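J.: Can you read through this structure? Questions will come right after.
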Amino acid sequence: MGNYKSIIYEIKDNIGWVTLNRPEKLNAINDEMLRELDDMFVLAEQDLDVKVLVIKGAGRAFSSGQDLSGVGTDEVLPPSPHSKLSSKAVLEAARRRSRRWEYIFNVCKPTIAQVHGHCLGAGMYLALSCDLTIASEDALFGDPSLRMGILPDFPLLSWLVGVKRASAMLLSGKPLTAKEAERCGLINKAVRNDQLDAEVSRLVKGLSLLHSDALAVAKDSLNVAMEARGVGAAWRYTSDMELLMQRRTIQSDDFDFEEMRDKLGLKDAIQARDNPFKDLDR
Amino acid sequence: MSRSQNVELTKEGRIATIALNRPDKLNAINDALLEELMQAFRRIETMPEIQVVVVKGKGRCFSVGQDLSGVNTSEVMPPDPRTKPYESEIFEMARRRFHRLRSILDFPRFTIAQVHGYCLGIGCELAICCQSIIAAEDAVFGDPSIRMGLAPANPLWTWRVGLKKAKELLLTGQYIDGREAERIGLVMTAVSLKELENKVQLEALSKLQLGTIGGFDMQVTWGQFHQAAFETTGLSAAWRLSSCLHSLSAIQRPGRSFIDRGGFNFYKIREEKGLKAALKERDEPFEPYFPTPRPKTGHSKRRS
C-alpha cells in the first residue's frame, strides 16, 4: 500500500498495520517518515476497509524519537536558536507539529501503538497519541528533549499521568520502564516480550468486529473529556512556548547540542548530552 | 417505608439504603425503576438525619444495566433507529440523562455503591456516580454499549480510571472483575462476597463518625468543593457532549459501513429471535478476544 520508504503500510482483515521502517536508525523520525505518516493517516481515515490501525516499529525499537542528525529534519525538529528564520515561519512550523499530534489523537478510527524497545521523544508522542498503547516489558518511555534545549510539546502527557509525574519525566529526561508506565496510566498494558504480538492481535481482532461508525463516535466521546479539560488549548500554548524557546539567546555555558553534533558527530553529541545525568539514569 | 416496587428504600439510624429490587430481571433498569430510583434520592434529600446512602442490588447482582427488552424502556434506551425518531426527541433524552446522572454524582450525602455480581451499562454508571464503590472480588463491571453500536454516554469513566483505561474498556465493551476494577481505581476496595456487607457498613459508620464537630454541615460543604473540582476540569461540558454523541450514535442505522459483522442489528435480532438470542449474538463473537469473567456467586445468565 502506498509508495512509502520509511514506513510499511499493509491492510489485512480490515486492520491497517503500520510499521516504522528505519530499523538501522532505531526508527528515528525524520521529515520523510513524517510526510509518509501524514499521508497514511489521511488515506486510512477515509478507507472504509480499515477498521483499526496498529503502529509498530521494525527492528530493535518502536522509535528512538526525532532524527537528530540535522539532515532532512527541518519539519520534525524545531529550528535551532542559531537560525535566522522569521518568527512567523517558526510559529507556523510549531503549529504544524502540534496540529499533527492532535490530528493523530483524533483520527476517526481506533489506533493502537504496539511498543517495544526505545519509545522516546516524538516516538513517544506518536505512541501516546494512539488510543491504546500496549508495550513489552523491555520498552522505555521518555522524552530527553529538554537536555538539548528543545521544549517538549506534548501536553497530553500531564493529563495521562498527572502534573507531578509529567514534570518528573520531562525535567529529568529519564525514561520510565514499561511496568512503571503501566502503573501510572501512561500506557494500557505491559506484557512479556514474547507475548506482545499475541496481545495486540487479540485486541485488534476484537476491535475489528465492532461498528466503525460507533467506534468513531465513541472515540470522539472519550476524547471530549480531554478537550473539556483544555488539552487543545494546551497544545496551542505549547507551540507558542516552543517559539519563545527557539528565540532564546544561547549563553556561552549552555549545552549547545547542534554545535556539539557538528563538531563531534551525532553519537558523541548524544553521549555528551546524557553524560551529566549518568547518576540519574541509573 | 418504601411504597414503590422496583426500588426499596430503608433507613437505619443515619444510614439510608436504596436497594434495586427487580431480582428476577437481575435488576435491569427500566423506566419505572429509574423513576423510583430518582424518587428515592429525592426523598432522602428531605431527610436531614440521613448522612450516608448505600446503593445496592437485591438478588444475584447489583444491576445488569438498561432493560433491553424494549418494554417500558423509552427513557433508559434510545429508540430503535429504524423507527426514524426525531433528533429533537433523542437530544432531549440526552439532556435528561445527563441531568439525572449528574445529580446523583452531586447528591448531597455520602453515597456508597455496594456491588456484587453484574454491574453493567447504566448500572455501572449509577455505581461510578456514587462517591465510592465497594465491590465483591468477583463482581463484573463493564459497559457493552459499543457492541450494540452505541457510544458511551458517561465521560466520568475517564475521570475515574484515566483516558487509556477508559478507552480500553469502552471501545471494546469488555468486562472486568472486582479485583481488576480495584487495581485500576474504579473501585475503592474489593473484598470477598462474604465480607462485602460488613465492609460497606464499616465504611458507612466511619463516615458518620468522622468529623463530628463539623458533622453533616462539613460533609455537605466538602461535597460542594468536590463538585467544583470536577467542574473546573470540564466534567459537565464533557458530559453534555458525550450524552449527545451517545444519542448521535443511536440514530446511526446499523448496516452502513459494517465490515465484518455485516450489519449486526440488535433490535432486529431481538424482534426475530428474542432478547436472549440477541444478547448472545452481541457478546459471543468477542468472547475469544475479551473473555468475560464470571461471578462465582451469580448465575451465568445475563440480560445486558
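J.: Given the structure, is residue B:186 over 13 Å from the mean Cα position of the chain (by Cα) and either at pLDDT 95 or above or more than 14 Å from every other protein chain (Cβ to nearest Cβ) (or both)?
T.: no
J.: If you don't mind, there's one more thing I want to ask. Could you list, in sequence order, the residues of region A:205-222 that are surrounded by 23 or more Cβ atoms within 10 Å (Cβ to Cβ) and either touching a strand residue (DSSP E or B) at 6+ places or on another chain (Cβ under 7 Å) or more than 7 Å from every other protein chain (Cβ to nearest Cβ) (or both)?
T.: Selection gives A:207 alone.
J.: If you check residue A:63 against the conditions, is it buried (at least 21 other Cβ atoms within 10 Å of the Cβ) and not hydrophobic (A, V, I, L, M, F, W, C)?
T.: Judged against the criteria, residue A:63 is a match.
J.: If the requirement is being modelled with pLDDT of 90 or more and touching a Phe, Trp or Tyr at 6+ places or on another chain (Cβ under 9 Å), which of these qualifies: A:215, A:222?
T.: Just a single option satisfies the conditions, and that option is A:222.
J.: Hey, another quick one. Do we find a residue being loosely packed, with under 15 Cβ neighbours inside 10 Å, touching a Cys at 6+ places or on another chain (Cβ under 9 Å) and either under 17 Å from residue B:130 (Cβ atoms) or not hydroxyl-bearing (Ser, Thr, Tyr) (or both) anywhere in region B:32-47?
T.: Looking for residues that are loosely packed, with under 15 Cβ neighbours inside 10 Å, touching a Cys at 6+ places or on another chain (Cβ under 9 Å) and either under 17 Å from residue B:130 (Cβ atoms) or not hydroxyl-bearing (Ser, Thr, Tyr) (or both), one finds none in region B:32-47, hence no.
J.: Next up: Only one of these is surrounded by fewer than 17 Cβ atoms within 10 Å (Cβ to Cβ), within 7 Å of chain B (Cβ to nearest Cβ) and within 24 Å of residue A:18 (Cα to Cα): A:202, A:192. Name it.
T.: So the residue among A:202, A:192 that is surrounded by fewer than 17 Cβ atoms within 10 Å (Cβ to Cβ), within 7 Å of chain B (Cβ to nearest Cβ) and within 24 Å of residue A:18 (Cα to Cα) is A:202.
J.: If you take the residues in region B:242-264 that are assigned to a loop (DSSP other than H, G, I, E, B) and either modelled with pLDDT of 85 or more or hydrophobic (A, V, I, L, M, F, W, C) (or both), which one is nearest to the chain's Cα centre (by Cα)? Please lay out each step first, then the result.
T.: Start the filter on region B:242-264 by keeping residues that are assigned to a loop (DSSP other than H, G, I, E, B), which leaves B:251-264.
After this cut, where a residue has to be either modelled with pLDDT of 85 or more or hydrophobic (A, V, I, L, M, F, W, C) (or both) as well, the list is B:251, B:258-259, B:264.
Values: B:251: 22, B:258: 28, B:259: 30, B:264: 24 Å.
Here the answer is B:251.
J.: If I filter region B:31-54 for residues that are closer than 23 Å to residue B:179 by Cα and at pLDDT 95 or above, do I get at least one hit?
T.: Looking through region B:31-54, at least one residue is closer than 23 Å to residue B:179 by Cα and at pLDDT 95 or above.
J.: While we're looking at this one, here's another question. Only one of (1) within 14 Å of the chain's Cα centre (by Cα); (2) farther than 25 Å from residue A:267 by Cβ is not met by residue A:33, so which one is it?
T.: (2)
J.: While we're on this one: Say whether the condition of being free of Cβ contacts under 8 Å to residues at least 60 places away in the same chain, on the phi < 0 side of the Ramachandran plot and over 17 Å from the mean Cα position of the chain (by Cα) is met by at least one residue in region A:122-141.
T.: Yes: one or more hits.
J.: Which one is nearest to the other protein chains (Cβ to nearest Cβ) among residues in region A:242-261 that are exposed (fewer than 15 other Cβ atoms within 10 Å of the Cβ) and assigned to a helix (DSSP H, G or I)?
T.: For region A:242-261, the residue satisfying everything is A:244.
The values are calculated or read from the model by the stated rules, or taken from the named source; none is laboratory data. If you're wondering where the values come from, they're calculated on a predicted model, not measured in any experiment. Every residue, glycine among them, receives a Cβ derived from its backbone with ideal geometry; neighbour counts consider all protein chains shown.
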